[in-house]
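Report on one structure; see the data block that follows.
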Amino acid sequence: MTQNLQSTTTLHNGVRMPWFGIGVFKVEEGLELVDAIKAAVNYGYRSIDTAAIYANEKSVGQAIQEALQENNLSREELFVTSKVWNADLGYDETRAAFEASLDKLGLVYLDLYLIHWPVQGKYKEAWRALESLYKEGRIKAIGVSNFQIHHLEDLMKDAEIKPMVNQVEFHPQLTQVELLQFCQKHSIQLEAWSPLMQGQLLDHPVLQDIASKYGKSVAQVILRWDVQQGVVTIPKSTKAHRIIENADIFDFELTREDMERIQALNANLRVGPDPDNFDF
């Protein structure tokens, strides 16, 4: 069982990745973002997830530098993720995008770098770029985002290195059971984005009932459901009290019955684009 906020899963290349982190999707550059990340690190978070398309890597980098200094931490104690955007997929383009992200973040390496979306005909060359950067020691782990089973199968046909992580939309109304099983079978760590369905699940009566049973919030129950089934999760918040509340999930365990009740809420509903029907 995941014991605390800094507990880690071991990726198939031996790199340790925290089960829990903070996401910064749609948070603009500026003081609010800097303060949110600093609050998270100060509380004990060690994983930060951003992306080139979020257009906030400079503030993330500033927050990382200040948080390391204020908490007397070394760079190696943080796990930083970014992603290459669709317009930059291709061998040379992806390498250039990586350098641009690294420069904005003010870092010399990334812990995890992901292909953001499976743009057909482009992701294999991008993956080749990630493999080269990984071999050069510029990235500790490489992976993909929003890849379905057929995308992963296609990528792995030609890949020299298997993805270590697949970050996808994952919540009680999009449980992606087959994808989770496929990733587990192939030692690819599944990671959840939008685990709270952008707040749409917080009033769900079944989840409220389960939350009251444990004396927890609905958000805490969902995030616990994630890590309990071996899924890394990165809820987004800019409010310090919410950042702290989200992480308070390591002092209880959902019963098998409650896990199944949550699983039964699946309706294959997405708040983000469908990877198979996204107008890239």
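List of remarks:
- Cα convex hull, the stretch 218-274: 102 Å³ per residue, rounded to a whole number.
- Residue (of Tyr113, Val168, Leu5) at the positive-pole extreme of the chain, dipole from beta-carbon charges: Leu5
- When the convex hull of its Cα atoms is viewed from all sides, the stretch 146-277 shows a mean projected area of 8.7 nm².
- When each of Lys83/Lys216; Lys83/Lys122; Lys185/Lys216; Lys26/Lys124; Lys135/Lys157 is checked by Cα-Cα distance, pairs over 25 Å: Lys83/Lys216; Lys185/Lys216; Lys26/Lys124
- Overall, the chain carries a charge dipole of about 340 debye about its Cα centre when +1 sits on the Cβ of Lys and Arg and -1 on the Cβ of Asp and Glu, all other atoms neutral.
- Alpha-carbon centroids, the stretch 119-192 and the stretch 97-118: separation in whole Å: 16
- Counting only Cβ charges, +1 for Lys and Arg and -1 for Asp and Glu, the dipole size of the stretch 178-257 around its Cα centre is about 140 debye.
- Rounded accessible area per residue of the chain, 1.4 Å, Å²: 42
- Global form of the stretch 19-96, assessed from the alpha-carbon gyration tensor, a/c cut-off 1.5: prolate
- Surface/4 of the Cα convex hull for the chain, nm²: 13.5
- The listed peptides 106-119, 66-79, ordered by packing as a protection proxy, come out as 106-119, 66-79 (highest mean of other Cβ atoms within 10 Å first).
- Among Trp225, Pro235, Gly30 the positive-end extreme of the charge dipole of the chain (Cβ point charges): Trp225
- Rounded Å value of the spacing that divides the Cα centres of the stretch 30-45 and the stretch 1-21: 20
The values are calculated or read from the model by the stated rules, or taken from the named source; none is laboratory data. Here the structure is a predicted model, which is why all the values come from computation and not from measurement. Reconstructed Cβ throughout: ideal geometry from the backbone, glycine too, with neighbour counts over all protein chains shown. Side chains are part of the model used for accessible areas, which takes the heavy atoms of the whole protein and leaves out ligands, DNA and RNA. Shrake-Rupley method; radii C 1.70, N 1.55, O 1.52, S 1.80 Å.
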